[in-house]
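Only one structure is covered here, and it is reproduced in the block below.
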Amino acid sequence: MNRRDAILGMACGVAALSGRASVDGAQEDSRREIVDEFIKVRQAQRFTQESVPEEDIQSIVTAGLNAPSAKNVQPWFFAVVTDKDLLKEIDKAANVNPNGRLSVGGSPLVVFVSTNGSEYGLFDGGVATDRMNVAANLLGYGCKTVATAAKAANEPEFKKKLHIPDNYTVFAALLIGKEIEKSVDGVSGATTRAPQQEKVFFYKK
Ligand SMILES: Cc1cc2nc3c(=O)[nH]c(=O)nc-3n(C[C@H](O)[C@H](O)[C@H](O)COP(=O)(O)O)c2cc1C
C-alpha cells in the first residue's frame, strides 16, 4: 500500500467517525496518523496517463469551490482540462518542453486557476488551489502546482476556449493524476524546508 492509499484508508475510517461528540484513544490515534501522513505529502513530479474519473473531478472541483474567501467574494474561476491536445498547445505557447517537469501536458487532469483583481484574489485563489490539492491527495492522486506554463493560458485564444472571463487572469495550474511510483518521493526526495525556528514564533505565557 502506498502512502496516499494509507491516507485514504485512514481518512475513510475517520470520516465514518465524524460527528461523534467524543473519540476514544484508537480513533484519536488514527486522526493523528492521518495528519502525520499528510504532513509528508509533497508535490508529485510525474504522472501516469490514467484518466481521472468524472466523480473524482467533481469532488476535487467542489473542494475548491467550497474554499473560504475574503468577504466570500469567491474571486476564482477554474478551467478544468482533460484534453491532451489543448494541454500540448499550451505547453508549446509557453515554450515548455512537453516531456519536462514544467509541462502541463504531463498529467491527465489540469485545473487552471484564475482570479479577478479583487483585493485578496491571489490569496483566495491560492487557498482554493490547495483545497483541491488536499481533496485530490485524499482521493489517492498526486498533485503539482505550476505557474510557468499556466500563464500561457492567458493568451486570448486559450482564454476563449477555456471560457475564462476577460477580467480573470490565470496564475497557476494544478496538475493532478496518479503519481508514478519511484518518482520524487514525498519523504526522501522532497524539497527541503526551512527550520521551524526560522519561520514560526511561539509566544507563550
Ligand atoms: C504558486 C506556485 C507556483 C509554482 N510554480 C511552479 C512551476 O512553475 N514549476 C515547478 O516546477 N514548480 C512550481 N511550484 C512548485 C514549488 O516549486 C514546490 O511547491 C516547492 O518546491 C516545494 O516542493 P515539494 O512540496 O515537492 O517539497 C509552484 C508552487 C506554487 C505554490
(message) Looking for something surrounded by 20 or more Cβ atoms within 10 Å (Cβ to Cβ), within 9 Å of the ligand (Cβ to nearest atom) and not in a helix (DSSP H, G or I) - is there at least one such residue anywhere in the range 137-149?
(response) yes
(message) Cβ-Cβ under 7 Å, sequence separation 6+ or interchain: first residue in the range 82-99 and assigned to a helix (DSSP H, G or I), partner acidic (Asp, Glu). Which pairs?
(response) ALA93/GLU155
(message) Among the residues in the range 163-170, are any under 15 Å from ALA79 (Cα atoms), in a helix (DSSP H, G or I), among the β-branched types (Val, Ile, Thr) and within 14 Å of the ligand (Cβ to nearest atom)?
(response) no
(message) I'd like to know if the range 179-189 contains one or more residues that are within 12 Å of the ligand (Cβ to nearest atom), under 27 Å from ASN66 (Cβ atoms) and surrounded by 11 or more Cβ atoms within 10 Å (Cβ to Cβ).
(response) yes
(request) Test ASP124 against the criterion of being of a type outside the set (Lys, Arg) and surrounded by 12 or more Cβ atoms within 10 Å (Cβ to Cβ), and give yes or no. (result) yes
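Quick grid of which residues meet (1) surrounded by fewer than 21 Cβ atoms within 10 Å (Cβ to Cβ); (2) assigned to a helix (DSSP H, G or I); (3) touching a His at 6+ places or on another chain (Cβ under 6 Å):
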site: GLY106; (1), (2), (3): no, no, no
site: LYS160; (1), (2), (3): yes, yes, no
site: LEU174; (1), (2), (3): no, no, no
site: THR191; (1), (2), (3): yes, no, no
site: LYS205; (1), (2), (3): yes, no, no
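Only the coordinates and a few stated rules stand behind these numbers; no lab work does. Quick caveat: nothing in here was measured; it's all calculated off a predicted structure. Glycine also receives a Cβ, built like all others from the backbone with ideal geometry; neighbour counts cover every protein chain displayed.
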